[in-house]
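I have placed the structure first, in the form of structure tokens, so that the comments after it can refer back to it.
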There are 4 protein chains.
Amino acid sequence: MFFASDNSGPAHPSVLDALHRANEGYRFGYGADAEMDRVRQMVRDLFEAPEAAVYLVATGTAANSIALATLAQPWETIFCTKPSHINEDECNAPEFYSGAKLTLVDDVNAKMTAETLRAAMEAEETRGVHGPQRGPVSITQVTEKGTVYTLDEIAAVTKVARDFGVSTHLDGARFANAIVTLGCTPAEMTWKAGIDCVSFGGTKNGLMGVEAVIFFDPKHAWEFELRRKRGAHLFSKHRYLSAQMEAYLTDDLWRDLAARANAAAQRLAEGLRATGQVTFTHEPEANLMFFSAPRHLHRKLQGAGAQYYVMDSLDGDADAPVVGRLVCDWSIGAEGVDAFLDVLKR
Amino acid sequence: MFFASDNSGPAHPSVLDALHRANEGYRFGYGADAEMDRVRQMVRDLFEAPEAAVYLVATGTAANSIALATLAQPWETIFCTKPSHINEDECNAPEFYSGAKLTLVDDVNAKMTAETLRAAMEAEETRGVHGPQRGPVSITQVTEKGTVYTLDEIAAVTKVARDFGVSTHLDGARFANAIVTLGCTPAEMTWKAGIDCVSFGGTKNGLMGVEAVIFFDPKHAWEFELRRKRGAHLFSKHRYLSAQMEAYLTDDLWRDLAARANAAAQRLAEGLRATGQVTFTHEPEANLMFFSAPRHLHRKLQGAGAQYYVMDSLDGDADAPVVGRLVCDWSIGAEGVDAFLDVLKR
Amino acid sequence: MFFASDNSGPAHPSVLDALHRANEGYRFGYGADAEMDRVRQMVRDLFEAPEAAVYLVATGTAANSIALATLAQPWETIFCTKPSHINEDECNAPEFYSGAKLTLVDDVNAKMTAETLRAAMEAEETRGVHGPQRGPVSITQVTEKGTVYTLDEIAAVTKVARDFGVSTHLDGARFANAIVTLGCTPAEMTWKAGIDCVSFGGTKNGLMGVEAVIFFDPKHAWEFELRRKRGAHLFSKHRYLSAQMEAYLTDDLWRDLAARANAAAQRLAEGLRATGQVTFTHEPEANLMFFSAPRHLHRKLQGAGAQYYVMDSLDGDADAPVVGRLVCDWSIGAEGVDAFLDVLKR
Amino acid sequence: MFFASDNSGPAHPSVLDALHRANEGYRFGYGADAEMDRVRQMVRDLFEAPEAAVYLVATGTAANSIALATLAQPWETIFCTKPSHINEDECNAPEFYSGAKLTLVDDVNAKMTAETLRAAMEAEETRGVHGPQRGPVSITQVTEKGTVYTLDEIAAVTKVARDFGVSTHLDGARFANAIVTLGCTPAEMTWKAGIDCVSFGGTKNGLMGVEAVIFFDPKHAWEFELRRKRGAHLFSKHRYLSAQMEAYLTDDLWRDLAARANAAAQRLAEGLRATGQVTFTHEPEANLMFFSAPRHLHRKLQGAGAQYYVMDSLDGDADAPVVGRLVCDWSIGAEGVDAFLDVLKR
């Protein structure tokens, strides 16, 4: 009953198999491995982007921070929402890498809108050299609240960015889960909707620790390589990153694992709703959800061994509602969900 | 015949086995895994340092850069030699992380001496607020030239650092190879010789990509954690770093693999010497060596498939000497060495 | 009729006289001038702070940024309001110098309150190493909206900072104007109210370009000196900064000039109010004010040569209200104000 | 007898007169003053560079650091000599502003040569993404040792820079003194000799604190403005910088003052030589010199009140030679020099 995070579960067995295969023999390091050649081509094919620059790093924070540093100048401000990972969960890494600051755009359930983005952009307007200059827009898909931008919403946001002449980044730590929700292609969710750069996550979806950074315009390629090295994120034994990503891209494993996670979350949401004792702060749309339930219910669950975060102390009025966060990883399965729901039914 | 680098060979099978074991079940992320608890204790035991702060990162550049950023202030200068990895091979990462600059201390075969360090320290003396202030001393063991500091040499250097009130760092990307050469304990080569902080390398010695950073004074612990996170080097699925390091520390694997690499290098050096056609720029002391040989000999070797770096073009006078670098990893073995030597004998 | 900014007017004649006196003879540079010895003592006396560390820089942005860099760690976040100068008007300088980010605290007329600060502090609470850590609180007195914190308000805010163990900074670009408004002493408005560090402005109040940075706890002294030099803000011919500040502190010139500016602003506000055509967005409390008036009135004023900023285009509906900002410097005087008001009366 | 530095003497009276004139009336701030419009044109005329971007800052370290940050990328290395001000006397400011590191090029009397530069450039050659990339070349004219590059020497150095595709910067803290020595035009010493960017110093030559930064290619203009602001070096009351520079450029004051300083230095050098008791470490070529003399002679001079730096303690063997540095500012005059020489004659 481990719902604390989608980084809590195991890697998929085929990832370990790929490491075994990659472990044979000798390779030149630093991305010059044959596995990376294949990965680059697979990513380009998947995204229908034959020119794309494709790189691997080992953490999502690295993917976001180095990508944004490549897109932003140090005197600019990056537009994102308050709950975004780059704002709340990366301990100033995006600012450290880019030198830029962050401007928080008003959000609705963790999503910025064309209107709130435009308002934030316009508010930076009249200060000439004194204020930070407008820099890239970064959205998160799936958001940290478990909501998913529709394709139209992404297109509307990137339209505003284009109106102001700035570039766009998509933090796709849960990229695959969003694709499963939307039933669209990676190209549709990214460059066809106006996205310039993607952090394509693997770590939260069955890899050990690999994220791809994809620039649809390869002009950024060499700068990214230098920034990655300067950030100490270039792996000498790069083949072990490549191998994980190759496994992920083979036979649609990335989509399959996300589908499992989303299905588990859907089953979990339905089960919770059926109890009549919980409400969702907003509709769960992918593999994580925030639900409000009386303290006694959280106590029961956690007493039975369920692992997840609550947003307040469980000491206090037993009937008062407290919000909890549940995240389903690819491995949790119907059994994991049902074990959790069974506690509620007792 | 792959002698290009010790990051070119495979990981040891027990490392993969450890990943399999670590892949079972669920864990809290970010270093709160049980594997890391064991690793911390094993490192403390190995270094006879029960209070030491122990952290894992995935690249040697990260280990060095974040360690030095923790030891140095941004208005200081870090003392190292010109050929050191932090100066030549990290694309400004130490400066990026620390804000400090590097002062290059004269070296003898890539080793600074107490005298050259003292001279460099004194040269920074009289500038008050204008010049950079004296910061930590960083030495590399094994050096990039394949030489090894004796324990007395380390103690003499750290004595100078202490005289000037600055701390000391040891870049131990090839820590294990040096231990095998010196036949001493990790404690003797570090804190007993005056070292405050170590990058304890695993990647070049049979792991996929893990280095430990060890502070013998734990006062630096929390700052290091924050700097690691801010640098995007904190792994969510940390257990896969821990597992590799645990395998490395189990049954002295780290020492065993280094012993294999050093033995291969010794066999290789002897074989080269026996040809009467090569000279060493200095005596090989661990698992890498620089040798001078006529171009025709390099051509023969590389034509036969030997992989290694040469410091000049192989076009030109066939008899003119060119320096090449040979590195033996743990896996190359006597057969690998002999295959190389056989080419020379043909 | 120049109401665009309090940096638009001339320096006070006694400042030029002081430069003449300081220009006699030779001095050691970089702050070792006799003028600076006197300034240091005068600041300590004025602030009743015999231990205070006192430094001069030439711009307000430098004063704020280097002060905050000395108080904050690069993994921290600085608490300030959205309209604060450090957020909107310094082009990322505070972030550049400190490495920290800014957290925007809700404001009422540009002032944070104990409640909004506490809420912002608590919101940073539960992220461990992942989120930015709590850093210093910075308030602006007079605020960018022309409002003034009462002593109780300052004390309430700094009490919250102390509860969370963080330090406090006061951006006093218009320090003197606030002192005149409150009728209190510099000590009362700073360390007696819980402030640790002050940017004590002179540039907006009759100097050419000098600000003092004052740390009540001198432990920060040497670090500040190094950061000032590293930021290229240490003047070789420092006597010309010292001389300006000495003139400013002599015979209460600083207070006298601010009193003139505040009196002019009061006369201006009364005159505007008497027209019955304007409203203030909030009560003017020092030497600047924001007023709403129909476009035709702004056109009339600006057509007659009045210089000030309006927050919207003057094209459009003549009767629709537009907000303008008026700032009185020390030199504008009753005549300057009356000339402006006379335009309205025509 | 003040020979400690050329920042020790007074500003020229016409500079104070200019401040008086500039102090009349109101101005828009931040460089939008009419004085700056005139300065820009005067600099363009003086340098025969009608397109040049021209900016003012208040310190030489700011001029160098922001100029180099505009020319260099953070993953690059800047080529300079060991004794250069940017290496030894700016407390990491160039690295702070640019993110780049410095590579020290071998020097002959503080001047790099085409050969030593080429050797340093080539040494950075073969490391791909691992080493810092080649960045701008910065030379100092007059050097910190008092030597002066000939026009041919500058052209030879910039030729090497162009061969490697990097830009060139000239730190002209003593620009005027070099012009007087060489008897050439500013254009000849800069863009006609291959220089892309100049720090044109005024502070050491009779101003209170103003340096111009000149980019012959204006493509860098806006970036420089943003970096200046982000560095907190944009003056609100900019007219006081402009006024100083305008005075400096009027009626060739800049050249006249440097001619006085150089003439004093020549007189001083001849007088010292005539004593038969001193030797120069190298021929003085502008307004500063390093001379070796027995300790007893330094004691006599300093005992009589002469102010200058010595490179060793004056305690010890009275006959042993110690090196001293003498700098003549514009104001020292024949009388100041003769007073010094008279001490020697006693």
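General observations
- Positive-pole candidate from C:344, C:331, C:268, dipole of segment C:250-346, charges at beta carbon: C:344
- Nearest-20 debye value, segment C:254-345 charge dipole, Cβ charges on Lys, Arg, Asp, Glu: 80
- Accessible carbon and sulfur surface of the protein assembly as shown relative to its total accessible area, %, 1.4 Å: 49
- For the axis carrying chain B to chain A: nearest C-beta residue of B, whole Å: B:58, 3
- For chain C, the residue among C:117, C:16, C:221 whose Cα projects farthest onto the positive side of the dipole built from Cβ charges is C:16.
- Global form of segment B:13-253, assessed from the alpha-carbon gyration tensor, a/c cut-off 1.5: prolate
- In plain terms, the C-alpha convex hull of segment C:254-345 casts an average shadow of 5.5 nm² when viewed from every direction.
- Per residue, segment B:254-345 exposes an accessible area of 42 Å² to a 1.4 Å probe, with every protein chain left in place.
- Most to least packed among B:65-72, A:338-345, B:160-167 [average Cβ atoms within 10 Å]: B:65-72, B:160-167, A:338-345
- The D-C contact accounts for roughly 4400 square angstrom of buried accessible surface, both chains included, probe 1.4 angstrom.
- DSSP-loop trypsin sites (Lys or Arg not before Pro) across segment A:213-308, with at most 15 other Cβ within 10 angstrom: none
- DSSP loop GluC sites (Glu not before Pro) with at most 15 other Cβ within 10 Å excluded, longest remaining stretch of chain B: B:52-346
- On a per residue basis, segment D:1-80 carries 30 Å² of accessible surface, using protein heavy atoms and a 1.4 Å probe.
- Label 7 Å beyond Cα on the Cβ vector: residue C:152 copy-to-copy distances, nm: 5.3, 7.6, 8.1
- Taking the Cα centre of the protein assembly as shown as reference, the dipole from Cβ charges on Lys and Arg (+1) and Asp and Glu (-1) amounts to some 0 debye.
- Charge dipole (Cα centre; +1 on Lys/Arg Cβ, -1 on Asp/Glu Cβ; no other charges) of segment A:72-158 amounts to roughly 120 debye.
- Ellipticity estimate at 222 nm from DSSP helix runs (n ≥ 4, -39,500 (n - 2.57)) divided over chain C, nearest 500: -12500 deg cm²/dmol
- Relative contact order of segment B:254-345, defined on C-alpha pairs under 8 angstrom at six or more residues apart (%): 37
- Segment D:12-20 - phi-based ³J(HN,Hα) in whole Hz, Karplus 6.51/-1.76/1.60, Gly and Pro as x: 5, x, 5, 5, 5, 4, 5, 4, 4
- Within 10 Å of each Cβ in A:30-42, the average number of Cβ atoms from other chains: 1
- Measuring heavy-atom accessible area with a 1.4 angstrom probe and counting protein chains only, the residues of segment C:206-220 that give up at least 50 Å² relative to the chain alone are C:208.
- Counting only other chain Cβ atoms within 10 Å of each residue's Cβ, the peptide B:7-18 averages 4.
- Label spacing, shortest first and in nm, from residue D:183 to its equivalents in the remaining copies (7 angstrom along Cα→Cβ): 7.3, 7.4, 8.8
- Annotation for residue B:312, label-to-label distances across the other copies: 4.1, 7.7, 7.7 nm (shortest first, one decimal, point 7 Å from Cα along Cα→Cβ).
- Neighbouring Cβ atoms from other chains, within 10 Å of the Cβ of residues in A:235-248, number 4 on average.
- Cross-linked pairs A:111/C:82; B:159/B:229; B:145/B:204; A:159/C:111; C:145/D:229: Cα-Cα separations exceed 25 Å for B:159/B:229; A:159/C:111.
- Cα centroid separation, segment C:220-276 to segment A:283-306: 57 Å.
- The relative contact order of chain A, computed from alpha carbon pairs under 8 Å that lie at least 6 residues apart in sequence, is 24 percent.
The values are calculated or read from the model by the stated rules, or taken from the named source; none is laboratory data. If you're wondering where the values come from, they're calculated on a predicted model, not measured in any experiment. Using ideal geometry, Cβ is built from the backbone for each residue, glycine included, and neighbour counts are taken over all protein chains shown. Quick note on the areas: whole protein, heavy atoms, side chains included, nothing else; ligands and nucleic acids left out. Shrake-Rupley method; radii C 1.70, N 1.55, O 1.52, S 1.80 Å.
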